[in-house]
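To start, the structure under review is shown below, and the notes come after it.
The values are calculated or read from the model by the stated rules, or taken from the named source; none is laboratory data. On a predicted model such as this, the values are computed, not experimentally measured, just so you know. Here the Cβ positions follow ideal geometry from the backbone for every residue, glycine too, while neighbour counts run over all protein chains shown. For accessibility, only protein heavy atoms count, side chains too; no ligands or nucleic acids. Shrake-Rupley method; radii C 1.70, N 1.55, O 1.52, S 1.80 Å.
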Amino acid sequence: MLRLEAMSCGYGPVRAVDGLDLEVPPGEIVALIGANGAGKSSSLGAVCGLVELQQGRILWNGEDISACQAHRRIGLGIALVPEGRRLFPDLTVAENLLVGGLRLPKARQPDNQARVLETFPRLTDRLQQKAGTLSGGEQQMVAIGRALMSQPNLILIDEVSLGLMPMMVDVCYQAIAGLKEDGLSVLLVEQNTTRALDVADRICVLESGRAKWQGTPEQAKAHPTLIESYLGLA
């Protein structure tokens, strides 16, 4: 589905990611992990068209979308849940969700919203509440729900557990596992290595913009140097 070939991206003269090769197959969860500044968020931004691609290619179902504008990538089935959620705080939960589905016909929005509420039942009683008054966990639910409103095939989730209570982290990860069961692909950025290893089919460890290691969670857990040096699970 998604394939990055020697992808380098960054900001003007700054190269944040250098020569990344990565594949996200249909219906799988791939986790990007690494320290702050490793290039994880920049990688997601490049896939979405929000960070400058400096070299390499981004392939979507075999088609080169490297030059495709960000709004067109949404139409192709790629949706982003940004770090920090970035909701419209003065809009209601329902209005924030509608923003995610603006590119689709209005007739689809009720069914899409129903699917979001099935994923996050807690939001049912929050639809008319302003997003800025929600807890951090509830805001993360809205952010994921907003992305789902566009009916994506691939959802990119940046730092899903950042700043959340453990109970809310559990809710979000249960939802992510459910997305996989529904056939969606997920590219996940996460600093909570334990949670990433629990949910991912494959992981990619980034260090200073380069892929240091790729493999399955089971292979990662059996790799002592990787555990101690990069995953912080010693």
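List of remarks:
Conditions (1) among the aliphatic types (A, V, I, L, M); (2) within 23 Å of E118 (Cβ to Cβ); (3) touching a residue at least 12 places away in the same chain (Cβ under 8 Å), marked per residue:
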| position | (1), (2), (3) |
| --- | --- |
| V142 | yes, yes, yes |
| Q151 | no, yes, yes |
| M167 | yes, yes, yes |
| L179 | yes, yes, yes |
| L188 | yes, yes, yes |
| R195 | no, yes, yes |
| C204 | no, no, yes |
| W213 | no, no, yes |
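- Meets criteria (assigned to a strand (DSSP E or B) and either of a type in the set (K, R) or touching a helix residue (DSSP H, G or I) at 6+ places or on another chain (Cβ under 9 Å) (or both)) for L164: no
- Scan of region 10-48 for residues that are surrounded by fewer than 16 Cβ atoms within 10 Å (Cβ to Cβ) and of a type in the set (V, I, T), ordered by number: V14
- Take the conditions (1) out of contact with any Ser or Thr (no Cβ under 7 Å at 6 or more places or on another chain); (2) closer than 18 Å to V205 by Cβ; (3) in a strand (DSSP E or B); (4) open to solvent by less than 50 Å² (accessible area, probe 1.4 Å); L59 misses just one of them, which is (2).
- Residue satisfying condition, being at pLDDT 90 or above, of a type in the set (D, E) and either closer than 22 Å to S42 by Cα or more than 17 Å from the chain's Cα centre (by Cα) (or both), within set D182, D158, D170, D198: D158
- When L104, L117, L123 are checked against the criterion of being more than 24 Å from V169 (Cβ to Cβ) and open to solvent by less than 70 Å² (accessible area, probe 1.4 Å), L104 stands alone in meeting it.
- The single condition among (1) under 20 Å from L22 (Cβ atoms); (2) of a type outside the set (D, E, K, R); (3) open to solvent by 30 Å² or more (accessible area, probe 1.4 Å) that G209 does not satisfy is (3).
- The residues of region 165-196 that are closer than 24 Å to M7 by Cα and open to solvent by less than 10 Å² (accessible area, probe 1.4 Å), listed by number, are S185, V186, L187, L188, V189, E190, A196.
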